[in-house]
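First, the structure itself, so that you have it in front of you.
The values are calculated or read from the model by the stated rules, or taken from the named source; none is laboratory data. What you see is a predicted model; the values in this text were computed from it and never measured. Neighbour counts run over all protein chains shown; Cβ positions are idealised from the backbone, glycine included.
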Amino acid sequence: MVVSIPPVIAALVINYLLTKLEAHMPHSLQSRWTPITFSTLRLLLFGLALPLALVHLWLVSLSDGFVETFKRSQQIFRQAFAPQSLMIYLLGTPLFILIPYLLLITKTPAQKASTEIAFFVARIVLALVFVLIGWLVTIGALKRQFNFGFWISDFGLKDSKPLINPKSEIQNPKSLVPPATAGGTDLSSVAESSKPL
């Protein structure tokens with residue numbers, strides 16, 4: 001998708017700058033922790049920041065369109081790195097990264113070559129199933145985050161606008177009912193007449 005291009009270019013530029021910085025570090029500042037630090041920064045960039053940003057951009061562009069996505073990009077990035085999004089992504093990561101990795105590196109001893117090949121193929125298929133399920137669960141949870149909220153029409157008062165998220169799939173049926181009346185009198189007019197001057 002076209003919305004993926006700017007974040008990918010930004011990530012590649014940051015990676016290039018990290019590589020240059022690592023290569024030109026003075027020897028007095030280098031230690032055994034220098035490669036670990038730069039590897040950690042690259043892991044955070046390509047394993048956490050870039051996927052979260054891209055997923056949120058894709059979800060918004062699918063629902064609101066390309067132009068609206070670029071208009072709201074700052075808000076989208078804030079939401080992408082909000083604690084709730086990070087928690088969803090970090091809880092989903094073991095399903096689509098860690099478990100498939102462990103399945104692939106595990107050796108299953110077998111006496112025949114054909115049995116070993118069958119075990120290997122089964123592990124690959126199982127790993128791919130975990131990747132698919134984990135990715136779908138994580139993306140589904142992040143998508144539900146966009147549709148979170150109730151369509152409350154100011155608790156049923158007259159001339160009120162929907163609050164929180166008007167595109168929500170969850171609706172409060174009471175907010176769609178006209179305002180309550182007492183003895184044929186509109187309660188909102190009674191409330192306004194009883195306000196202190």
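Quick check on my filter: what residues within the range 50-70 are aromatic (Phe, Trp, Tyr) and exposed (fewer than 15 other Cβ atoms within 10 Å of the Cβ)?
Hit for the range 50-70 is 66, nothing else.
Still on this structure, I have one more. Picking from 168, 85, which residue would you name as being at pLDDT below 85 and either under 30 Å from residue 47 (Cβ atoms) or in contact with a strand residue (DSSP E or B) (Cβ under 9 Å, 6 or more places away or on another chain) (or both)?
From the options 168, 85, the qualifying one is 168.
Let me ask something else about it. Would you check if there is a residue in the range 64-78 being outside the structural domain of residue 124 (by TED's automatic domain parsing) and within 18 Å of residue 136 (Cβ to Cβ)?
So far as the range 64-78 goes, no, none of its residues is outside the structural domain of residue 124 (by TED's automatic domain parsing) and within 18 Å of residue 136 (Cβ to Cβ).
Also: Considering each residue of the range 13-33, count those that are surrounded by 10 or more Cβ atoms within 10 Å (Cβ to Cβ) and at pLDDT below 85, and give that number.
3
Another question about this same structure. Checking the structure you have, find out if any residue of the range 99-108 is surrounded by 13 or more Cβ atoms within 10 Å (Cβ to Cβ), within 17 Å of residue 55 (Cα to Cα) and not assigned by TED's automatic domain parsing to the domain that holds residue 56.
Checked against the condition, which is being surrounded by 13 or more Cβ atoms within 10 Å (Cβ to Cβ), within 17 Å of residue 55 (Cα to Cα) and not assigned by TED's automatic domain parsing to the domain that holds residue 56, the range 99-108 yields no hits at all.
Here is a list of conditions, (1) in a helix (DSSP H, G or I); (2) out of contact with any Leu (no Cβ under 6 Å at 6 or more places or on another chain), and residue 27 meets all of them except one; can you say which number that is?
So the condition that residue 27 fails would be (1).
Considering every residue within the range 152-160, establish whether at least one is farther than 29 Å from residue 4 by Cβ, of a type in the set (D, E, K, R), at pLDDT below 85 and in a helix (DSSP H, G or I).
The answer is yes; a qualifying residue exists.
Right, residue 19: over 24 Å from residue 134 (Cα atoms), outside the structural domain of residue 142 (by TED's automatic domain parsing) and of a type in the set (Ser, Thr, Tyr) or not?
yes
Could you grab me the full set of residues in the range 39-53 that are within 10 Å of the chain's Cα centre (by Cα), of a type in the set (A, V, I, L, M) and within 15 Å of residue 93 (Cβ to Cβ)?
Correct list: 52 only.
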